[in-house]
Amino acid sequence: QQRENIRNIAIIAHVDHGKTTLVDQLLKQSGLFQQHEVVQDRMMDSNDLERERGITILAKNTAITYKDYLINIVDTPGHADFGGEVERIMKMVDGVLLVVDAFEGCMPQTKVVLRKALEHQLIPIVVINKIDRPNARAAEVIDEVIDLFIELEATDTQLEFPVVYASALMGTASATEDKQDENMLVLYDTIVEHIPYPTEQLDAPLQFLVTLLDYNEYVGRIAIGRVNRGIIRQGQSVAVMMRDGGIKSGRIEKLYGFQGLKRIEISEAGAGDLVAIAGIREINIGETIADPAHPEALPVFAIDEPTLQMTFLVNNSPFAGREGKWITSRKLRERLFKELETDVALRVEETESPDAFIVAGRGELHLTVLIENMRREGYELQVSKPEVIVKVIEGKKQEPYERLFVDIPEESLGAVMESLGSRKAEMINMINHGNGQVRLEFRIPARGLIGYRTAFLTLTRGYGILNHVFDSYGPFVGQTVGGRHEGVLVATEKGVSSFYGMMSVEDRGTMFLEPGTEIYEGMIVGEHNRDSDIVVNICKEKQLTNMRAANKDETVKLKTPIVFSLEQALEYLNNDEYCEITPESIRLRKKIL
Ligand code: GDP
């Protein structure tokens, strides 16, 4: 492929704004699927699920052929970035497609990703999608985008972004708001015209930065990234420059390019190409694959350390097996170790018990997302409450501190400052953008962030964005700082054991109830830990049936921890039919709602 005909872009969108539908249309219209049958045999690696469902799952890497051009599209994580993935993806591409719903407009979650894109001097294209919606308000949404760009300190060049009005659903687009063309040609052309092509050196010693990892049981770990320099060939011997400065040797057993949503085997690729490599065992993110005659590493980037851990356990309760099909310790173990193949920010440790694993990650949300994914895949498990990972450094107990960034509406400033103060956060910086939005930066013990997201979202009415990166180890604060976990435990027909799976990905608050907590009919007050009590309101009648079955007495002592979501709890709290009204439940309801 001629370098001039390559375009590498990342796609950024708030969930549901139409990213998947858009890529789907771009693939369809590029005529790619006419070649589908031919391609099929050559597909070395394709996820069965993806193949079954056709193109409904957006692959991390999608490649679209349009005329003589190859357009690589890299998906970005929407709202949860745990291992610095967004930062790394930005180094792989030369531009971004920002997809915004013509009615909903800019949403907070895409801001983090967009900020990174603009910081990396990437060229943006704004796609106002769902223009077919009767309540579309494209002009206003564009104003919002401009405001956001200004707030994120976009350069003048970036502010001259082209706009494409599109309906991914209908497969149409246009450069003006009033009338849609019959197809999306204008979008392909805008990408080709506005996004620069790669200009790295081809006639130089090979350098390739391992940016993303994938895994496949046949070929093992797969390293994905951009060829930064030179040419890479299938079968070639390479030097692998490790993050600690060490060098190991390896061989490019398989080299893949991207075609549509699939990877296809290729014999060689050059600087500026996005490729996947298999056959180098233990290859890791941040390592450079280089020419053995010129073993030069690319700059090493930091990967944040895990700061929080939880124990994942086989469900040993009397209700085991009701929620999931994968319930054995062998299945649990396999699944956790598989996750390690692609998630650099996660650690898994075995324990003395074959039924328990310690899982460490980048915070509560990181682990919650993993649990939620596992639950959806049919795993049934129990988890302990999270705790920070304490280290002994120079004979002293130290615990992790995080650098916390929050973007909030000005009116919630006081409340957010106060809540963070009680969690021992120290303010480092504050920027008032003058448009009603404020950005604050803090240093905070990682412990103080446990359970904070829910409180934060409430304080900012859902408009706040919260992000944190590892800062350093610092003095041991011990105990839970600030932050009461408040909530209501609600039993369902399925009984208490099923609570573990009720967290939402949005992490609107997870609750943890420790073993030994007493549950009795009607009302329960359980100690969560020293400074946070949970008032638990168990719904009468049908919800308690299973618990009674488990224990003839009206009191049940929890044998294993329970996790549940605040959303679930609110739903029940709002429903008098299910809730026993006591002074305590009224007090709680007032507090939470
Ligand atoms: P993603 O979460 O960004 O990948 O969003 P999806 O592509 O899954 O789209 C979310 C929903 O919006 C789906 O129900 C789509 O059918 C719908 N959708 C996507 N694009 C359009 C569009 O252009 N117009 C309308 N009316 N709906 C759309």
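From the phi of every residue in the stretch 269-279, what ³J(HN,Hα) in whole Hz does the Karplus formula 6.51 cos²θ - 1.76 cosθ + 1.60 yield, where θ is phi - 60° and glycine or proline is x?
Listing the rounded values in order: 8, x, 3, x, 7, 9, 9, 10, 10, 10, x Hz.
What list of ³J(HN,Hα) values in whole Hz, one per residue of the stretch 416-428 in order, does the Karplus curve 6.51 cos²θ - 1.76 cosθ + 1.60 (θ = phi - 60°) give from phi, with Gly and Pro shown as x?
3J(HN,Hα) across the stretch 416-428, in whole Hz: 5, 4, 5, 5, 6, x, 5, 9, 6, 7, 10, 6, 10.
Order the peptides 18-24, 104-110 from the highest to the lowest mean number of other Cβ atoms within 10 Å of their residues.
Answer by packing, highest mean first, reads 18-24, 104-110.
List the residues, sorted by chain then number, that are 5 or more residues from residue 308 or on another chain and whose placed amide H is less than 5 Å from its amide H.
Amide H neighbours of residue 308: 361, 363, 389.
Enter the accessible area of residue 391 (Å², nearest 10), with the probe set to 1.4 Å and all protein chains included.
Here the residue's solvent-accessible area equals roughly 80 Å².
Given R₀ = 25 Å, what would the calculated FRET efficiency be for residue 411 paired with residue 176, taking r from the Cβ atoms and rounding to 0.05?
Plugging the Cβ-Cβ distance into 1/(1 + (r/R0)^6) gives 0.10.
Sort 177-188, 192-203, 280-291 by the packing proxy (mean of other Cβ within 10 Å over each peptide's residues), most packed first.
Result, highest mean Cβ count within 10 Å first: 280-291, 177-188, 192-203.
Taking the full set of protein chains and a 1.4 angstrom probe, give the accessible area of residue 337 in square angstrom, rounded to the nearest 10.
60 Å²
Can you list residues from other chains, or at least 5 along the same chain, whose modelled amide H is less than 5 Å from the amide H of residue 66?
Residues meeting the amide H criterion: 71.
Which entries of 60/338; 60/385; 116/338 show an alpha-carbon separation above 24 angstrom in the structure shown?
With Cα atoms farther than 24 Å apart: 60/385; 116/338.
Heavy atoms only, probe 1.4 angstrom, no DNA, RNA or ligands counted: give me 273, 132 ranked by accessible area, highest first.
132, 273
Semi-axes of the equivalent ellipsoid for the stretch 302-382, please: Cα gyration tensor eigenvalues, times 5, square-rooted, ordered largest first, whole Å.
Ellipsoid half-lengths, sorted descending, are 22, 13, 11 Å.
Any chance you could run the full-extension gain for residue 194 through residue 144? It's 0.36 nm times the residue separation minus the Cα-Cα distance, nm to one decimal.
So the extension gain works out to 15.8 nm.
Quick one: 3J(HN,Hα) in Hz for the stretch 396-401, Karplus 6.51/-1.76/1.60 with θ = phi - 60°, rounded, Gly and Pro as x.
10, 5, 10, 10, x, 10
The values are calculated or read from the model by the stated rules, or taken from the named source; none is laboratory data. Remember, it's a predicted structure, so these values are computed and weren't measured experimentally. Note that each Cβ is placed from the backbone with ideal geometry, even for glycine, and that neighbours are counted across all protein chains shown. Side chains included, ligands, DNA and RNA excluded: accessible areas come from the protein's heavy atoms. Shrake-Rupley method; radii C 1.70, N 1.55, O 1.52, S 1.80 Å.
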